[in-house]
Each structure stands twice: as C-alpha cells, then as structure tokens.
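First comes the structure, then the notes that go with it.
The values are calculated or read from the model by the stated rules, or taken from the named source; none is laboratory data. No experiment lies behind these values; they were computed from the predicted model shown. Counting neighbours? That spans all protein chains shown, and the Cβs are built from the backbone with ideal geometry, glycine included.
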Amino acid sequence: MSLARRKFLWGSLCGAALAAKKRPPERPPNVLLIQADDLGAWMTGCYGNREIRTPNIDLLANLGVRFEFAFTCAPASSASRATLFTGRVPQQTGVLDFLTPKPIENPPQGQAAPPASFASEIMLPDILTGRGYTCGYIGKWRLGNGAQPQHHFGFWYTAPGGEGPYQNPSMSWNGQMVQEKGYLPDLLTAKACQFLDRQSAGTPFFLTVSYPNPHTPYEGHPQKYYDLYAKTSFDSIGWQPAAPNALRDKEMLKDIVGNLRKCAAAVTALDDQIPALLARLNQRGLSGNTLILFCGNTGQLLGRHGLWGRAAGSYPFNLYEEVVRVPLIWVWSGRIPPQTVRTELVASYDLLPSLCEAVGATPPEDRNLTGRSYLPLALGQPLPKKQPWRNLVFGHYRNTEMARDEGYKLILRDEGRGPNALYALATDPLESVNCYDDPRFVEARDELARELAAWRKRFA
C-alpha cells in the first residue's frame, strides 16, 4: 500500500477516534475479527521482525493496544480456532481428537479430517446473535462441516476442505458451492466488504475474516510479493541448520532461505488485505463504533531451532515461543488508547470472556471456562486490588503440555513421564538450555508442575 494511502487510513481512523471521544458510543460495538493462519508474533514488524514487511499490521498496533505476550492454547489451527470461539481448551472440545495420538515410538505423520460437527458447543456467534448481532464468517473454518453455515453465521463464505489452493478455489457461498476465479485472500476481502455494505448503523455485527496466509502451500501468491523478497537474506531471523529431531515439514529445511522468502511473501500478501477492510469501515461510517481485533492462530518456526512448521515440526513435539506466541491487537476508537502495549500474559481462551464483556453479553455458565476477561487491560483500566492479573498461561498439544509464567516455561510430556523441559526465559529467551534437572530451578519447576496438574484436573 502506498504511503499516501496509509496516511489517509491513519487520519480517517484517528478522526473517528477523536469523534468517539466527544460522544462515547451508547450501543454495543460492532466486532471485526481478523485472523491469520500460522502467523507467529515474532514474524511481524510490530513485534520486532526487521525483514518480514507488515506495515498495515504495524499500523493497527499503533492505532490501539498490542498484547506483547499473547499465547495460543493449542498450536494447531483448528484447535486454536475452536478455543477462540468457545473459550474452552482442546481437552474439553475434543477438537484434537481428530489428530489421533499415535504411540510415542510411532510419531504421526499426517492429519485426518476434523469432527463432523461442533453443534453441541456454544460459540461466540451463538452468544452474540442472542444480543441482536448479525454474524458473518469468511475464510478458513475447518471446524466440521464447512459446506454449510454453522452456529448462527448468517453470512457464510468458506473453503469446505480447509487448506486449499490460493488460486481459483472452490468455495461455499451460504451453502452453495461456487468455483471462483482469482486470488483467495482477495476473494475473502471482497466478500468481507460485501458483508460490510449490508450493515446499518442501528444493528451491530460480528464479522470474522479468517485468512489462510501464511499457511502452506507457499505457492499461489501474486508474483510481486515473491519479487519483494528475491534478494532478502534473512540474516536476522536466527534460523539454524536442520535439527536431528525434525519431523513434519522437514523438507523445508533443505532450502531455508528460499522457503523463508516464500513465507514472507505470503505474510506481506496477507498484510496488504487490511487497508481495504479499514477503508470500507470508513466509507460505511462504521469505524467509530467498531472494535477491530487482529490475531494469529498459531506460529511457525521457519528454521529457528533447526525446525520448520509448528508443534509437530519436531519429535518430541515442541511448544517453543515461536509456535505458541501469537500477535494480538485490539483497536477501538475512543475507547482504547492508541500506541499502547500490555505486557501481561494472556491466552486464546481469554478472548471469549473479553469479547462478552466488551459487548455486554454473559459468557455461558455451564461450559467450565478457563479464561478471564482482559478487557480492562485493553482499555487501560485498573484491576480490582483483590483480583490482580495472574501472569500464568497454559498450552496443550497431544501428549505435550505447557505452563508459562513471567520467568519460566515448563514442558511436560505424557503427564510428566517425559522427556520434559524447563526454560529460564529471563536469561535464556531463545529456549536453548533445558534446566529441568538443574537443582537451582527445582522450586520454579515444581511450582509450575503443580499449577499444570491443577489446570489439567479442572479442564481435561
């Protein structure tokens, strides 16, 4: 996007923010949720990446609040999406059941289809429809039957098979299969703008745009994005030669820089979709009362630790920061101070209670939710003295679990039978030294183990 265009969008949204400050919105906000598949926090400019270009994601971060330490509970795209929409962890929804664990001596190589339905789950659109919201879903679903609209999404445009080609995809348009021509992210953005054109100021909406970028395949993006990185060396990425325990996607490690160029092209192609969404919000006069969320479902290793892909990029499976730490940005004109950074630890299971509080809805009481609303953090409001924010998050992938606080990350496999790991993040942010058996860290290790056991017992 041109600099002039970016300045225009900045000015438009800032103008909306100033107007909203003069007259705070009295009705529930619209919600635009933008998701990126396989985009880790470390892969974006606003989180410190110096070689992958994400100017529009960086703009969003400047317009609102960026959560420095946001984590996915399960680094698999379907499982992460299920947690975002239900507030429940993978053990509760059963979403990881379709990733049927194999014996440790026979690590899984493939991935089966997801369950046929999540009809019994209560999802965000079910809650918001009850509050009078019009709900739309556009993009990657892969939580059961993508060919038919699900969970009160009245506007539905998905690729039923989940991962598909970036060019000329077959899509379900409100339950009818259509053969499209063009670049998939462009098609998704066009449908999102069509949804926005149908909205009126008097009825709130909840729109999710779930982009597949930068998920593989890395082919099929417009050539201009590949040209953009044709000479980039990625010297600052910190990639390493292939590790001996590399598993899934290890073929990518045969040409790390070449594949980094392709992945970076996919990221920037995603980034270029954002201006059209912001522009349409402005054109429709919706910016002043629209809460914009941008998040990643899961991260990627991209050669770091000598691995590619996500948790299944190694065996034993890993939960490195590159995999579990994702971008999370909230923009809400007049409500969220711009250029804000929060350093509290938050997780994907916190999103549902946070959005419910933002729109004045009540989270379902019979779902045994593990998360807590971080809306006060986003708004810059003080927390009750008796309820300080607890900087402790949990993660789960098949037989591997994580408990992470401000200083340490504990990894337990097979409920502690191992192999296990403990990383002292303050002195070892790259997670290169396993301190699990180091006597100096026994107290920290055992405390996190107790917390993880309690979490497992309550939510498994």
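A compact table of results
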{"read-out": "Output for region 201-217, where each listed residue is assigned to a loop (DSSP other than H, G, I, E, B) and either touching a strand residue (DSSP E or B) at 6+ places or on another chain (Cβ under 8 Å) or not assigned by TED's automatic domain parsing to the domain that holds GLY360 (or both)", "value": "THR203, PRO204, PRO212, ASN213, PRO214"}
{"read-out": "Checking TRP156 against (1) in contact (Cβ under 8 Å) with a residue 24 or more places away in the chain; (2) surrounded by 15 or more Cβ atoms within 10 Å (Cβ to Cβ); (3) closer than 26 Å to GLY288 by Cα, the condition it does not meet", "value": "(1)"}
{"read-out": "Subset tally (residues that are among the basic types (Lys, Arg) and closer than 22 Å to GLU51 by Cβ) for region 252-306", "value": "4"}
{"read-out": "LEU99 vs. criteria on the phi < 0 side of the Ramachandran plot, assigned by TED's automatic domain parsing to the domain that holds ALA192 and at pLDDT below 70", "value": "yes"}
{"read-out": "Among (1) under 18 Å from the mean Cα position of the chain (by Cα); (2) on the phi > 0 side of the Ramachandran plot; (3) modelled with pLDDT under 95, the one test that GLY139 misses", "value": "(3)"}
{"read-out": "Residue check, THR203 at negative phi, hydroxyl-bearing (Ser, Thr, Tyr) and surrounded by 14 or more Cβ atoms within 10 Å (Cβ to Cβ)", "value": "no"}
{"read-out": "All helices (runs of 4 or more DSSP H) inside region 314-407 with 1 or more residues being within 21 Å of the chain's Cα centre (by Cα) and over 26 Å from TRP239 (Cα atoms)", "value": "351-359, 375-379"}
{"read-out": "The lone exception for ASN213 - which of (1) farther than 26 Å from SER432 by Cα; (2) surrounded by fewer than 20 Cβ atoms within 10 Å (Cβ to Cβ); (3) among the polar types (S, T, N, Q) it fails", "value": "(2)"}
{"read-out": "Scope region 254-264; condition closer than 12 Å to TYR218 by Cα and in contact with a Phe, Trp or Tyr (Cβ under 6 Å, 6 or more places away or on another chain); matching residues", "value": "LEU260, ARG261, LYS262, CYS263, ALA264"}
{"read-out": "Residues of region 162-180 classified as over 17 Å from ASP38 (Cα atoms) and surrounded by fewer than 19 Cβ atoms within 10 Å (Cβ to Cβ), total", "value": "11"}
{"read-out": "Residue in region 152-174 that is among the charged types (D, E, K, R) and in a helix (DSSP H, G or I) present", "value": "no"}
{"read-out": "Residue in region 423-438 that is crowded, with 18+ Cβ neighbours inside 10 Å, touching a residue at least 40 places away in the same chain (Cβ under 8 Å) and either over 22 Å from VAL346 (Cβ atoms) or of a type in the set (Gly, Ala, Ser) (or both) present", "value": "no"}
{"read-out": "Of the criteria (1) among the small types (Gly, Ala, Ser); (2) part of a loop (DSSP other than H, G, I, E, B); (3) out of contact with any Phe, Trp or Tyr (no Cβ under 8 Å at 6 or more places or on another chain), which one GLY220 fails", "value": "(3)"}
{"read-out": "Yes/no for GLY296 being closer than 30 Å to PRO419 by Cβ, small (Gly, Ala, Ser) and surrounded by 24 or more Cβ atoms within 10 Å (Cβ to Cβ)", "value": "yes"}
{"read-out": "Any chance PHE67 is within 24 Å of GLY288 (Cα to Cα), surrounded by 24 or more Cβ atoms within 10 Å (Cβ to Cβ), at pLDDT 95 or above and within 13 Å of the chain's Cα centre (by Cα)", "value": "yes"}
{"read-out": "Considering residues of region 265-293 that are out of contact with any Phe, Trp or Tyr (no Cβ under 9 Å at 6 or more places or on another chain) and not in a helix (DSSP H, G or I) only, the residue surrounded by the fewest Cβ atoms within 10 Å (Cβ to Cβ)", "value": "GLY285"}
{"read-out": "Residue in region 406-423 that is modelled with pLDDT under 95 and aromatic (Phe, Trp, Tyr) present", "value": "no"}
{"read-out": "Residue among THR362, THR298, THR340, THR370 that alone is under 18 Å from PHE69 (Cβ atoms) and at pLDDT below 95", "value": "THR370"}
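One line per residue, one yes/no per condition, for (1) crowded, with 18+ Cβ neighbours inside 10 Å; (2) within 25 Å of PHE85 (Cβ to Cβ):
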site	(1), (2)
GLY360	no, yes
LEU375	yes, yes
ALA378	yes, yes
TRP389	no, yes
MET402	yes, yes
GLU406	no, no
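Residue-wise test of (1) surrounded by fewer than 18 Cβ atoms within 10 Å (Cβ to Cβ); (2) touching a residue at least 24 places away in the same chain (Cβ under 8 Å); (3) in contact with a Cys (Cβ under 9 Å, 6 or more places away or on another chain); (4) within 24 Å of GLU357 (Cα to Cα).
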{"residue": "VAL257", "(1), (2), (3), (4)": "yes, yes, no, no"}
{"residue": "ALA311", "(1), (2), (3), (4)": "no, yes, no, no"}
{"residue": "ILE329", "(1), (2), (3), (4)": "no, yes, yes, yes"}
{"residue": "TRP332", "(1), (2), (3), (4)": "no, yes, no, yes"}
